[in-house]
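Notes for the one structure printed next.
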Amino acid sequence: CRECGRSFRCRSALVNHHRIHTGERPFSCQDCGRRFNRRSNLTTHRRIHTGDMPYKCPDCGKSYRVSSTLLRHQKTHTDERPYRCEECGKSFRHRSTLTIHHRVHSGERPYKCPECHKSFKNSSELVRHGRTHTSERPYDCSQCGRRFGDSSQLVRHWRTHTGEHKHSDPTCGKSFSNRPRLAKHQQVHTGEKDYRCPDCGRGFNRRSNLLVHQRSH
């Protein structure tokens, strides 16, 4: 590549890579108009509209749109968490998740929005935030037609049609429609406080509580 010097085994891989520098997105979704720099990314995206989930877990039967998500899911059956945070002792299945978690302690937010300069801990948060400026809503509910800015919102919305509450707290039996809400609830039992005030060291189990507290300083 003449831009960054990176080398590739075949010309097609170089062509795909070069679009990172040019911003070219020649592959367009017929359903929502979203554009992609690779045909394979468009193929994966199309499964959001078609509902196609070709990658199935042999242990529990759960299906996924992409193979990498299936591989991540399969680690939940082994409960292997080899990546441990030296600050708080929390363990993670993936190194990338540990890297993002470290930013809770460091306060680092390396991904900045070019429109409003708001910063984020990871790139996916920046992508979701970017849609607040463009009003892009690429994920639509096949039941009622309502559209959403990210797939997790669509999943949570879909459960309003099915009545599904699949995430249950083993301590008290209370059920939640998504894992983040369950995780927040479980901090009531564990006393875990991930958000620490840099001024006085006081810990909080929710970022919103930390922000309210910081105003006292």
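Computed values, structure above
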quantity	calculated
Charge dipole (debye, nearest 20) of the chain; +1 at Cβ of Lys and Arg, -1 at Cβ of Asp and Glu	340
Crossing angle, helix 39-50 versus the chain [Cα axis fit, 0-90 degrees, rounded to tens]	60
Dipole of the chain, positive direction: furthest Cα of ALA13, CYS32, HIS157, with charges on the beta-carbon	ALA13
Karplus (6.51, -1.76, 1.60) ³J(HN,Hα), θ = phi - 60°, over the stretch 14-20, in Hz, Gly and Pro reported as x	5, 4, 4, 4, 4, 5, 4
SER175-HIS77 FRET efficiency (beta carbon distance; Förster radius 22 Å; 0.05 resolution)	0.55
Difference of contour (0.36 nm per residue) and Cα-Cα distance, ARG19 to THR44	7.2 nm
Cα gyration tensor, the stretch 178-217 - rounded (a/c under 1.5), prolate or oblate	prolate
Rounded to 10°, Cα long-axis angle of helix 67-78 versus longest principal axis of the chain	30
Dipole magnitude of the stretch 103-165 about its Cα centre (Cβ charges: Lys, Arg +1; Asp, Glu -1), debye to nearest 20	120
Read-out volume of the Cα convex hull per residue in Å³, derived from the coordinates shown; its label in (i) 198; (ii) 175; (iii) 141	(i)
Computed [θ] at 222 nm, helices only, for the chain once each DSSP H run of length n ≥ 4 contributes -39500 (n - 2.57)	-13000 deg cm²/dmol
Cα shape, the stretch 117-217, gyration tensor, a/c 1.5 rule	oblate
Positive-end extreme of charge dipole, the stretch 178-217 - chosen from LEU210, HIS185, PRO198 (charges on Cβ)	HIS185
Rounded to 10°, Cα long-axis angle of helix 179-190 versus longest principal axis of the chain	20
Assigned charges on the beta-carbon of Lys, Arg, Asp, Glu; the stretch 2-42 dipole about Cα centre (debye)	140
Cα gyration tensor category, rounded, prolate or oblate, for the stretch 49-130 with a/c compared to 1.5	oblate
Principal axes of the stretch 1-83: Cα extent on each, largest first, Å	45, 36, 21
Inter-probe distance in nm under a simple model that places probes 7 Å from Cα toward Cβ, at GLN143 and CYS1	4.2
Full-stretch length increase - ASP150, GLN214 - with 0.36 nm per residue and alpha-carbon distance subtracted	20.0 nm
Amide H partners (placed H, <5 Å) of TYR55, local residues excluded	TYR64
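Just so you know, all these numbers are worked out from the coordinates, no wet-lab data involved. This one's a predicted model, so the numbers in the text were calculated from it and none came from an experiment. FYI the Cβ positions are ideal-geometry reconstructions off the backbone, even for glycines, and counts take in every protein chain you see.
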